[in-house]
């Protein structure tokens, strides 16, 4: 354990929608990683209106993981809404964002913590993205547009493996209910002159559950939110 890691208190935020097959492993691995690398921690799982038995799994996990807290949306509100609920519920100075689908190894939080003293956001980027081709094509199209509008933010904007200061997030007026949430955070962070450091992490294929990132409704929502956010940023710039 490094000196930096031993002094850090972390709220891990895991958004989850229909992840009943993944939750036991993702929560268990997260707990083990944070027991090793944080002075104190909590795991906040945001159940975004799951209909697959996730609530029952989470109720059972709370009996074996005392640091687990569950935030529930009665209906599915979207990835961004789930993250915003998690951010609001978090109680520790650092927020560690990771999806609940087991495509990342939470033990690699140590690599992010090693840079925390120099940053307000430590953003992971996938060495090799292990997603289906359609999802990778959608992501390429979307983030090419993001870069054209906002310039370079980080090399892997939507990588769901980030360490963020809670006080930084508390100063942000976040509105996205969908996949734009990471872009929104990074654009606002840049406006605040936040220190952002990038770290490579491993990415693994999804073995259980169903991905929603290639869903046409999800993709369309992301593009709508992007255009609305662009218009909002233009208003801010004019007002300044």
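Read-outs: derived from the displayed coordinates by stated rules, not from any lab. Source: prediction; values computed, not measured. Every residue, glycine among them, receives a Cβ derived from its backbone with ideal geometry; neighbour counts consider all protein chains shown.
Details
- Where N is the number of residues in the range 14-105, Cα Rg divided by 2.2 N^0.38 Å: 0.98
- Legend: P(r) of the range 72-123 from all alpha carbon pair distances, 10 Å bins from 0, whole percents, reading 20, 44, 31, 5.
- Structure-based [θ]222 nm, the chain - -39500 (n - 2.57) summed over DSSP H runs of at least 4, per residue, nearest 500: -14000 deg cm²/dmol
- Cα extents of the range 129-210 along the three principal axes, largest first (Å): 36, 26, 25
- Structural descriptor for the chain: relative contact order 24 percent, calculated from alpha carbon pairs under 8 angstrom and at least 6 residues apart.
- If you wrap the Cα atoms of the chain in a convex hull and average its projected area over all directions, you get 12.1 nm².
- Gaussian network model of the chain, Cα within-10 Å springs - most flexible of 55, 132, 93: 132
- What the Cβ-Cβ distance of residue 105 and residue 133 gives, at R0 = 25 Å and to the nearest 0.05, is a FRET efficiency of 0.60.
- Computed from label points 7 Å out along Cα-Cβ, the spacing between residue 145 and residue 233 is 1.4 nm.
- The modelled label-to-label distance between residue 25 and residue 190, using points 7 Å beyond Cα along the C-beta direction, is 3.6 nm.
- Additional length obtainable on full extension of the chain from residue 56 to residue 36, 0.36 nm per residue less Cα span: 4.4 nm
- DSSP-defined beta bridges in the chain - what % are antiparallel, rounded to 5: 25 percent
- Among 196, 95, 181: highest mean-square fluctuation, GNM of the chain, C-alpha pairs under 10 Å: 196
- A crude spin-label estimate for the pair residue 224 and residue 89, with each label 7 Å from Cα along the Cβ direction, gives 2.6 nm.
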